[in-house]
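Just so you know, all these numbers are worked out from the coordinates, no wet-lab data involved. Predicted model, so just to flag it, every value in this text is computed and none were measured. When we count neighbours, we look across all protein chains shown, and the Cβ atoms used for this are built from the backbone with ideal geometry, even at glycine.
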């Protein structure tokens, strides 16, 4: 590393105009840009489809080993082709070399796992670094060879979309058709192997042959993707879109489609940004676009997203707080035989913090309690709801004592945890079961389901 | 000092030292990663430090060490936290969590490098991968008289000093926390139960891995870091079952890898007649490391492929010998004047290729006699055969009486158990007073 002028401010980036942006995004900004954007999108789709199955097969990082392993293949192919006097830089020479080396890398991982005591993680690391080290060594040898155009080889490491030609787009299109076709035709087989390998082999499916086909698809995607995103980042295209898609659904079919869309969109947007802005390497931008989609999915996906998760936790917490207040108030009222006001201080279990203020406001807004100064009292509806809650609590307490053999002094805590998630039907069953054993709690508030329904 | 030696000391020695020290630092830590099945954390971290390095470089505006070190450390920390958060909170599978995290960080780094290049900052993405060992130079006085003074040491290249510090620090860490590392590595649950925090040890370990990665990256590049984190410990793991031996062995292997790899890269091409070719040092060190691993895979006396194949062959041959003896003994029992032809043997005991060498061994050991293609037991062979058949029938008796298996189900199991040896003798389970096995065959008496 050496240093020139390093002021952050001395270069202004050229900002593309709106027209340029629209032209690129609509694939009408000239032939080259169209080829690049289309190829990247197709690559994203293929990787998204294949990646789903490798991710579920827990082989996500195998793709990384495979991608790194292609480097010595590229270098060797170049050396051999140069020695034979062929056009050494042509893709027809380099890509088969890359594919063979990638396959060799995967085979090495499997040999290491099968025949030594090393685990898969170590095997992947060894193959990844060993093959790549060999590749780097060979590249340094190529640098000193007396043939031209050796400089272009290093572009495979970080990718260089600018070098892509129409036939590359055609190649990616072909690969996309192939992977989607394989994904559709072998959907059942791949998902069976991914979810339950043992069952698949017991049922007579050729598990190792299916694995081999999946790996062949990974090799294909990796090799055609080398030019676009480079061998260090191609693995991201195989992992990020399916991992993002998995937040949205639990169905494999939907996941594959979503993953293909996310991958395709990352490729499309990333390549467009890269084409519009100088010094935005396409591979990195594509991966970062995918990364952004991943983070968005992680946060907002309705089923498995973090925000939805947080929301459900908060809703449960609110319900627990409500029911605690209601039960305490009801028990006090029950003891006194008439509606009584209780200081809020005694109701809030966690002290007078934000939580108790929220609970108080919540109950008041729902019309379940009335407050005067710092005391609270149940309304009629609140009393009915309090009866339901207390009833659930006591039924569950009694159930634990009767059936689960828990000492009476220990049940309160456990009852506290479970009573909030009892469904009305379950409460009915509890009641029947306890009545059959003549073990109904003696002090059980009356509460009919009609009232419970009214307050829900 | 002759010019050749001076060149060596200026150009080769510091580079070799930096590479070797980097290899040792990584290998020491790698032992725990390999044993904890976290090998790929090293891979993830060494990719993920890239954005931190670039930011540190941009902020400092120079290649001074500390900002880069801090930046790299920060992004390593971010990555480790991100991986953990993805696994714990978002429930993403471990491999995918790593893949997502490090590829996003690495892509960010690549982007930042390109952006930095726009500001005339010459930061090369490739040097991060390959390192720049060839720029680690040292120019001490060329006169031996002036050489041996303390002033000479002042000019030792920064990278060598940093890496030496890393090795000392990591060595001290392992020495101090030897016990804690061992228990949290092999039995984290037990460790937590008796009050050692596995999580804390894991965090410390990851911090050191990040530190080693950063210390090593400038000189040797991330590829050598990944290789040295995994390959020497993996090699050592194939050579020993002892934890402490493995750690020492892995650092020895790392040393050999560093020195050997450097020489192979720098001098091998010209020795092979390829003048003017110098191979990338980090690359050739990686290759030498892998070659050593291959040697260990094939030749390790305990876990090597060759040793295991030999052991398996020896066992197969012993089983074939036992079966030949047993067969002859049983034939004698039924018909003392039996005629077993050598050609029939293979079909009769079914050990394929091992039958013939096993028979040859028996004949040359004078346990079996061969006359005109027919096979007979000699006196010593009969004794051996008797002990095997005795073991077989005692096992059958034991299986029926002690385990309550049915008499027609025990032959297969006994057929396997008769080959077990204790002190070179077939094992004889106790069935006092028994003279016949469940199939009413006499159990041969021991003499």
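What distance in nm lies between label points placed 7 Å from Cα along the C-beta direction at residue A:303 and residue A:250?
Placing both labels 7 Å along Cα→Cβ, they lie 0.7 nm apart.
With runs of 4+ DSSP H residues as the only contributors, calculate the mean residue ellipticity of chain A at 222 nm using -39,500 (n - 2.57) per run, divided by the residue total and rounded to the nearest 500.
Using -39500 (n - 2.57) per qualifying helix, the result is -23500 deg cm²/dmol.
Sort B:285, B:271 so the one with the fewest other Cβ atoms within 10 Å of its own Cβ comes first. Display every interim value, and only then the final one.
Values: B:285 37, B:271 9.
By the 10 Å Cβ count, ascending, the order reads B:271, B:285.
Taking the number of other C-beta atoms within 10 Å as the exposure measure, put B:126, B:418, A:189, A:385 in order starting with the fewest.
Taking fewest neighbouring Cβ atoms as first place, the list is B:126, A:189, B:418, A:385.
Average partner chain C-beta neighbours within 10 Å, per residue of A:236-248? Intermediate values should be presented prior to the final figure.
Numbers: counts 7, 1, 3, 11, 6, 0, 1, 8, 2, 0, 5, 3, 0.
Averaged over the peptide's residues, the number is 4.
Would you mind giving the average projected area, over all directions, of the Cα convex hull of region B:308-426 in nm² with one decimal? Each step should come with its number before you reach the end.
Numbers: hull surface 32.9 nm².
Mean projected area for region B:308-426: 8.2 nm², to one decimal.
Quick one: grab the alpha carbon gyration tensor of region A:98-225, order the square roots of its eigenvalues as a ≥ b ≥ c, and give me rounded if a/c is under 1.5, else prolate or oblate depending on whether a/b is larger than b/c.
oblate
Can you tell which of B:372, B:103, B:192 shows the greatest fluctuation in a Gaussian network model of chain B with Cα springs below 10 Å?
Among B:372, B:103, B:192, the largest GNM mean-square fluctuation belongs to B:372.
What number does the protein assembly as shown give for Rg over Rh if you use C-alpha atoms and the Kirkwood radius?
We get a ratio of 1.09 for the protein assembly as shown.
Label 7 Å along Cα→Cβ of residue B:274; region B:214-253 residues with amide nitrogen under 20 Å?
B:224
With everything on Cα atoms, drop me the angle between helix A:91-115 and the longest principal axis of chain A, reported from 0 to 90° to the nearest 10.
50
Taking Cα atoms, how many degrees apart are the long axis of helix B:379-403 and the longest axis of chain B, rounded to 10 and kept between 0 and 90?
80
As a footprinting exposure proxy, order B:367, B:338, B:303 by other Cβ within 10 Å, with the fewest listed first.
With the fewest neighbours first, B:367, B:338, B:303 line up as B:338, B:303, B:367.
If one takes the longest principal axis of the Cα atoms in chain B, at what angle in degrees, from 0 to 90 and to the nearest 10, does the Cα axis of helix B:50-60 lie?
Taking the Cα atoms of chain B, the angle to B:50-60 is about 20 degrees.
Can you give the log10 of the normalised intensity I(q)/I(0) at q = 0.35 Å⁻¹, computed with Debye over equal Cα scatterers of region B:1-41?
The Cα Debye sum returns log10 ratios of -1.01.
What average count of beta carbons from other chains do you get within 10 Å of the Cβ of residues in A:306-315?
1
Calculate, for residue B:420 and residue A:403, the FRET efficiency according to 1/(1 + (r/R0)^6) with r their C-beta to C-beta distance and R0 45 Å; round to the nearest 0.05.
0.30
Only residues of region B:414-430 count here: report those whose backbone N is under 19 Å from the spot 7 Å along Cα→Cβ of residue B:314, or say none.
Correct set: B:419-427.
Run lengths n ≥ 4 of DSSP H only: what is the helix-derived mean residue ellipticity at 222 nm for chain B, with -39500 (n - 2.57) per run over all residues, to the nearest 500? Spell out each step's value before the answer.
Details: 20 runs with 317 residues, N = 447.
Value at 222 nm, helices only: -23500 deg cm²/dmol.
Does region A:248-379 classify as rounded, prolate or oblate by the C-alpha gyration tensor (a ≥ b ≥ c root eigenvalues; a/c under 1.5 gives rounded; else a/b over b/c gives prolate, otherwise oblate)?
prolate
How big is the gap, in Å, between the Cα center of region A:212-266 and the Cα center of region B:9-52?
Here the two parts' Cα centres lie 30 Å apart.
Can I get the semi-axes of region B:3-228's equivalent ellipsoid? Compute them from the C-alpha gyration tensor as square roots of 5 times the eigenvalues, in angstrom, largest first.
33, 24, 13
How large is the convex hull of the C-alpha atoms of chain B per residue, in Å³?
Taking only Cα atoms, chain B has a hull volume of 261 Å³ per residue.
Distance from the Cα centre of region B:373-447 to that of region B:255-324, in angstrom?
So the two Cα centres are separated by 44 Å.
For peptide B:260-267, compute the average count of partner chain beta-carbon atoms within 10 Å of each residue's beta-carbon.
1
For the ranges A:329-340, A:98-109, B:218-229, what's the packing order if you count other beta-carbon atoms within 10 Å of each residue, average per peptide, and put the highest first?
By packing density, highest mean first, the sequence is B:218-229, A:98-109, A:329-340.
Take the Cβ-Cβ distance between residue A:338 and residue A:313 as r, set R0 to 25 Å, and report the resulting FRET efficiency rounded to the nearest 0.05.
0.10
So between residue B:402 and residue B:190, what do we pick up on full extension, going 0.36 nm a residue minus the alpha carbon distance?
72.7 nm
In the calculated pair distance distribution of region B:246-302, what percentage of Cα-Cα distances lie above 17 Å? Kindly include the intermediate steps, with their values, before the conclusion.
Working: 700 of 1596 pairs.
The proportion of pairs with Cα distances above 17 Å equals 44 percent.
Please give the FRET efficiency for residue A:437 paired with residue B:440, using the beta carbon to beta carbon distance and R0 = 45 Å, rounded to the nearest 0.05.
0.15
Report the label-to-label distance for residue B:152 and residue B:380 in nanometres (one decimal), using points 7 Å from each Cα along the Cα→Cβ vector.
Using points 7 Å along Cα→Cβ, the separation is 6.7 nm.
Eigenvalues of the Cα gyration tensor times 5, then square-rooted: what semi-axes does that give for chain A, in whole angstrom, largest first?
Over the Cα atoms of chain A, the semi-axes work out to 63, 28, 19 Å.
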